[in-house]
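The values are calculated or read from the model by the stated rules, or taken from the named source; none is laboratory data. Worth saying up front: this structure is predicted, and the values here are computed from it rather than measured. Because the Cβ atoms are built from the backbone with ideal geometry, glycine has one as well, and the counts that use them run over all protein chains shown.
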Amino acid sequence: MSEQLVLEGFISVAAALETQSRPFHAVYIREDKRDADTLKITRLATASGVPVERVGTTVIAEYASGTSHGGIIALTGERQTLTLDALLVNAERPFIVMLDGVEDPFNFGQAVRAFYAAGAHGLVVRPRNWMSAASIVARASAGASERIRVAVADTAEAAAAFYRERGLTIAVADAQRAISIYEADLTVPLFLLVGGEKRGITRSFADKADLRLKIPYGRAFDHDLGTTAASAALAFEIMRQRQAT
């Protein structure tokens, strides 16, 4: 039997129900909650054959990790994933991103939020990743982690090799020997690897990348941006260039 995971709050639960991103065991709604969110969740769950139960606050608290659930939680299974090849379907100029080595689930979720909002066609993760922290990641991503198409690769090298064979440019966020994101052509089919704040990108991977990208600063500053800020800057520059062509 797959691990039972919890999603918390209207946005996260609605996103998963709308996209059928994972199996549902049940939706719990606080017994005194009567609003538009309740009606929509009930309608979505019923249409998908998911049982909806009215429960007391103690039951919600037993499963919830915090107090931001708004009286709605869902008991679910693991996030469903696709093949690497499936992320390319219906993508004329693919924009695939891989988040590797991000050590905080909030940062992971917020990075996913930026890439999804900017139009990324898919997300690649390693087998051990923050998708298991479903509640935190879904809330931090405002449901984007349930909406974006996800595939799993054993390593960044394996994912890069796969997409290079299919004509994608392999890009990394790396300050050394890199060009500005404003000077690079980011309209090409792209596989972008973004590393975590502590480990970053391995030198061997960066050396083999087709494109090394840096985010220029407005003043002298010796420190790297955090994962979430860097992801947002990269994501929306890619979006800007593609919308301009």
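One table, with the values for the structure above:
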quantity	calculated
Residues satisfying the stated conditions in the stretch 146-182, i.e. small (Gly, Ala, Ser) and touching a Phe, Trp or Tyr at 6+ places or on another chain (Cβ under 8 Å)	Ala153, Ala156, Ala159, Ala160, Ala171
Filter result for Ala118 (small (Gly, Ala, Ser) and touching a strand residue (DSSP E or B) at 6+ places or on another chain (Cβ under 9 Å))	yes
When residues of the stretch 82-100 are limited to those that are surrounded by 19 or more Cβ atoms within 10 Å (Cβ to Cβ) and modelled with pLDDT under 95, the one nearest to the chain's Cα centre (by Cα)	Leu99
Output for the stretch 80-109, where each listed residue is under 13 Å from Gly196 (Cβ atoms) and either β-branched (Val, Ile, Thr) or in a helix (DSSP H, G or I) (or both)	Val102, Pro105, Phe106, Asn107, Phe108
Options Ala153, Ala138, Ala114, Ala118; residue that is closer than 17 Å to Ala16 by Cα and assigned by TED's automatic domain parsing to the domain that holds Leu186	Ala138
Test: residue in the stretch 55-63 that is surrounded by fewer than 18 Cβ atoms within 10 Å (Cβ to Cβ), of a type in the set (S, T, N, Q), farther than 17 Å from Ala133 by Cα and not assigned by TED's automatic domain parsing to the domain that holds Ser132	yes
From Val124, Val188, residue being surrounded by fewer than 18 Cβ atoms within 10 Å (Cβ to Cβ), modelled with pLDDT of 95 or more and under 16 Å from Leu234 (Cβ atoms)	Val188
Residue match in the stretch 89-101 (condition: touching a strand residue (DSSP E or B) at 6+ places or on another chain (Cβ under 7 Å), on the phi > 0 side of the Ramachandran plot and of a type in the set (Gly, Ala, Ser))	yes
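Residues checked against (1) hydrophobic (A, V, I, L, M, F, W, C); (2) in the same structural domain as Arg139 (by TED's automatic domain parsing); (3) over 18 Å from the mean Cα position of the chain (by Cα):
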site: Gly9; (1), (2), (3): no, no, no
site: Ala15; (1), (2), (3): yes, no, no
site: Phe24; (1), (2), (3): yes, no, yes
site: Val27; (1), (2), (3): yes, no, yes
site: Asp32; (1), (2), (3): no, no, yes
site: Thr42; (1), (2), (3): no, no, yes
site: Thr46; (1), (2), (3): no, no, yes
site: Val52; (1), (2), (3): yes, no, yes
